[in-house]
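Report on the following structure.
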Amino acid sequence: MGREKNAALIYSGGLDSTTMLYEYASVISLAINFSYGSNHNAEERRCARYHCEKLGIELIEIDLPFVKNHFESSLLSGAESVPDGEYSDENMSSTVVPFRNGIMLSVAAGVAESKGLKTIMMANHGGDHSIYPDCRPEFIEAMSKAIATGTYAGIQLEAPYTNLTKKDLALKGLKLGIDYSMTYSCYRGGIQPCGRCATCLEREKALSEAFKEMQLKNN
């Protein structure tokens, strides 16, 4: 990707996409935050507003109420529906929101083309692959072809974190000086993160490992 400021970022306000917002701020001209009725959308949106205002990046907020009305996922069914424990096929398959990234990418492609942008960015990472089909490399490749083919401008999909770990992302963000206390990841959606769901545990582990690695390099 060139250095022209012509990209739209699908931006939740969580650790992953906030890292991308800062790392690629020089090329991102628009952030798109989607609310689809999940437990954690409100807290994520609050964080998204904070960072976009801080960086001077335009934020568009798009609501997708049909997702909550017609889709099945524990993320849409209240905090009590979200399982405890680390990511595994057994306990986290309920958190899949069917084709969520496909829907958001499709909307983002229309917004990007309408605004004359050339690129869409998303912050899926390697830790998502086993649980979420719409985060896997083969999905990214297929959607990239579909978006480029289905837009007059041949809009490109960029997903540079696809094969990185959560710790890799946290390390990037710490080096960039990101205030991760102003990001949100808990699947239960409370004002205070629960600390027990998979995304809370993954976030804590990634940040802890990244802090330790930075300290070792600085000593």
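The values are calculated or read from the model by the stated rules, or taken from the named source; none is laboratory data. Bear in mind the structure is a predicted one, so any value in this text is a computation, not a measurement. Positions of Cβ are generated from backbone atoms using ideal geometry, with glycine treated the same way; all protein chains shown enter the neighbour counts. Surface accessibility is based on the protein's heavy atoms, side chains included, excluding ligands, DNA and RNA. Shrake-Rupley method; radii C 1.70, N 1.55, O 1.52, S 1.80 Å.
Largest GNM mean-square fluctuation across SER77, SER93, SER114, computed for the chain with C-alpha springs under 10 Å, falls on SER114.
Please find, in a Gaussian network model of the chain (springs between Cα atoms separated by less than 10 Å), the residue of MET20, MET121, MET143 whose mean-square fluctuation is greatest. Greatest mean-square fluctuation among the candidates belongs to MET143.
Its Cα centre serving as origin, the chain has a Cβ charge dipole (Lys and Arg +1, Asp and Glu -1) of approximately 560 debye. When the Cα convex hull of segment 100-219 is projected onto planes of every orientation, the mean area is 8.9 nm². Legend: distances between Cα atoms for LYS175/LYS205; LYS68/LYS175; LYS5/LYS172; pairs beyond 29 Å are LYS68/LYS175.
Solvent-accessible surface of the chain, taken per residue with a 1.4 Å probe and all protein chains present: 46 Å². Near THR119, the amide H atoms lying under 5 Å from its own belong to ALA8, GLN156; only residues 5 or more places off or on other chains count, and H is placed 1.01 Å from N.
Spacing of the modelled spin labels on LYS54 and ALA153, each 7 Å from Cα toward Cβ, amounts to 2.8 nm.
Of the solvent-accessible surface of segment 117-170, computed with a 1.4 Å probe and all protein chains present, 54% belongs to carbon and sulfur. Computed from label points 7 Å out along Cα-Cβ, the spacing between GLU80 and CYS194 is 1.2 nm.
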